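Enquirer: Before I ask anything, let me first share the structure, which is written out below as structure tokens.
Any read-out appearing in this document is the output of simple, stated calculations on the displayed coordinates, not a laboratory observation. If you're wondering where the values come from, they're calculated on a predicted model, not measured in any experiment. Every residue, glycine among them, receives a Cβ derived from its backbone with ideal geometry; neighbour counts consider all protein chains shown.
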């Protein structure tokens, strides 16, 4: 298996985990689980973990531009995960779901003054863009620091 296909399989596994989290959170919210438990099942937690995972894979591959590769992988991962979350906002609007994250008071799509244009396009796209930028910046920070640590370890390790 080449590095590229191995990398794709790893991304697929992470996306499967993200999909399970998205569905799990919806099920918990609809069952009336407490908000602290629902928040544990958010894909946002993955944005704190994946930079380290991607950095390890990139460092092991000998990538010539590891920081750029990290940003690219993270942006792609964030985009895919946010595309998974977008339909939950559409369903929330259509079904009037009461989970706090869907409330207009918290930037969601269920509540006073919500229009179909806002609910189906503007708010989900806005949220996706914010999260993609946040995840990429977080990855740049966490992954960049970790890349520097890994590089330093390699240069100071005895031969």
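Enquirer: Roughly what angle does helix 3-31 make with the longest principal axis of the chain, taking Cα atoms, 0 to 90 degrees, to the nearest 10?
Expert: For helix 3-31, the angle is close to 30 degrees.
Enquirer: For the Cα atoms of the chain, what angle does the longest principal axis make with the long axis of helix 46-61, in degrees from 0 to 90, nearest 10?
Expert: On a 0 to 90 degree scale, this one is about 30.
Enquirer: Build a GNM of the chain with springs between Cα atoms under 10 Å: which of 64, 139, 103 gets the top mean-square fluctuation?
Expert: It is 64.
Enquirer: Which entry in (i) 78, 44, 31; (ii) 65, 29, 27; (iii) 71, 53, 25 is this structure's computed Cα extents along the principal axes in Å?
Expert: (ii)
Enquirer: In addition: Order by neighbour count: 97, 90, 36, 45, fewest other Cβ atoms within 10 Å first, most last.
Expert: Fewest-to-most ranking of 97, 90, 36, 45: 36, 45, 90, 97.
Enquirer: Could I ask something else about it? GNM, the chain, Cα, under 10 Å: largest mean-square fluctuation among 104, 55, 74?
Expert: In this elastic network of the chain, the residue with the biggest mean-square fluctuation among 104, 55, 74 is 104.
Enquirer: Which of 35, 112 comes first, and how do the rest follow, when ranked by fewest Cβ neighbours within 10 Å?
Expert: 112, 35
Enquirer: Rounding to the nearest 10 and keeping the result within 0 to 90°, find how far the Cα-based axis of helix 66-95 lies from the longest principal axis of the chain.
Expert: Helix 66-95 sits roughly 10 degrees off the main axis of the chain.
Enquirer: With springs only between Cα atoms under 10 Å apart, run a GNM on the chain and tell me which of 69, 18, 135 wobbles the most.
Expert: 69
Enquirer: Further question: Based only on other Cβ atoms within 10 Å, what is the fewest-to-most ordering of 156, 136, 88?
Expert: Listing 156, 136, 88 from fewest to most nearby Cβ atoms yields 156, 88, 136.
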